[in-house]
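The next block holds one structure in the form of C-alpha cells; read it before the comments.
The values are calculated or read from the model by the stated rules, or taken from the named source; none is laboratory data. Since this is a predicted model, take the numbers as computed values, not measurements. So basically every Cβ, Gly included, is an ideal-geometry build from the backbone, and we count neighbours across all protein chains shown.
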C-alpha cells in the first residue's frame, strides 16, 4: 500500500506550520496540495505562511488561497496569539514558491473528482470554510472523500476564544456544522487532547538541539506561540494543536477517543461555536465523529522531533 493521499487545509499559525513540516517529513503521507483559509491571520498571510513552511521543508507542494471570510460572519483573527505575521518567532524570508492561480475551493473539488473515490483525506487545521464551501458548491464530491481529520472544538476543556468555543469552530460555526452533518467519517482533535500536548521548555529545546535551520525555526515559533497560553493557563507550556491531526494519521496508537455525536451551536451569541460533544451518549443522537480525548504526549513529541529532524 502506498502513502495516504491528503490535502491540508490550513490558516498558518505557528502550530499549523509545524503540522505542515510533520506531514512533508513523513513518507506515510502524500500531500497533494495545501489550501489556505482565513483564520489565525487574514488570507494573504495564511497563503504566504503555508508557502514559507513548504520552502523551509525543502519540498515542492502547490499552495492555493481559498476563502477570505466565513460563510455568514465577519472574520475574527488571532494576532494576539500568533503575532502580526502569524509566524512570529522565526526570521524567515518571503517565499519564492508562487501561489497557485486557482481558488482553493476549486482545487478541492477538482482533486476529489480526479482522484479515485475514497482515497483522499482532508486534514483541516483552521476554520472549515473552504471545505464547507466545496461541499455546498459540489455535493457530488462529498462521497468521494476518504475521511476528514480536523483540529477544533473542546468539551471537557471548554473554549479558548470564548468560555464555550474553540477558535477554529468559533470563526465559522456554520461551516463546522456543514462538515459534521456531511455523513463522512470525521475525527476531531479537540482542546481536550491538545491541552495535554504541552510545549514545555525541554521539549522545545529538543528542536533547537537538532542544530538545523528547520529545528531552529520550530523552536523559535514554539517559544513565541506558547507565551500566550502559558500566561493564560499558568501551565508549563502551551498546547500544540494542529500537529496532532497529522500525528493521528501517522500514529493513531498515540491517541484514544470514542465515536460520539457532536453538534455545533450556531444560534446563541453566548455559546456560538460550542461543540456539544455527547461523550456519555445521553442524547440519543446518532454518533457522527471520532472524538479524541487522550494523547501520549511524550510519544507525540518523539515523533515530531524524529520527523522534523529529517528535514
Quick test for you: out of 106, 140, 94, 68, pick the one residue that is surrounded by fewer than 24 Cβ atoms within 10 Å (Cβ to Cβ) and under 23 Å from residue 166 (Cβ atoms). 68
Does residue 55 count as part of a helix (DSSP H, G or I), surrounded by fewer than 21 Cβ atoms within 10 Å (Cβ to Cβ) and over 17 Å from the mean Cα position of the chain (by Cα)? yes
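For (1) at pLDDT 95 or above; (2) touching a helix residue (DSSP H, G or I) at 6+ places or on another chain (Cβ under 6 Å); (3) surrounded by fewer than 18 Cβ atoms within 10 Å (Cβ to Cβ); (4) more than 20 Å from residue 290 (Cβ to Cβ), each residue gets a yes or a no:
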site	(1), (2), (3), (4)
191	yes, no, no, no
224	no, no, no, yes
235	no, no, yes, yes
238	no, yes, no, yes
253	yes, no, yes, no
Which residue is modelled with the lowest pLDDT, if the candidates are limited to segment 71-91 and must be outside any loop (DSSP other than H, G, I, E, B) and crowded, with 21+ Cβ neighbours inside 10 Å? 81
Could you grab me the full set of residues in segment 133-150 that are touching a helix residue (DSSP H, G or I) at 6+ places or on another chain (Cβ under 9 Å) and either in a helix (DSSP H, G or I) or touching a residue at least 40 places away in the same chain (Cβ under 8 Å) (or both)? 133, 134, 135, 136, 137, 140, 141, 142, 144, 149, 150
Boolean, residue 41 is part of a loop (DSSP other than H, G, I, E, B) and under 15 Å from residue 8 (Cβ atoms): no
Any helices (runs of 4 or more DSSP H) falling wholly within segment 151-270 and containing at least 2 residues that are without any contact (Cβ under 8 Å) to a residue 12 or more places away in the chain: 201-208, 213-233
Against the condition within 22 Å of residue 84 (Cα to Cα), crowded, with 24+ Cβ neighbours inside 10 Å and touching a residue at least 12 places away in the same chain (Cβ under 8 Å), how does residue 23 come out, does it pass? no
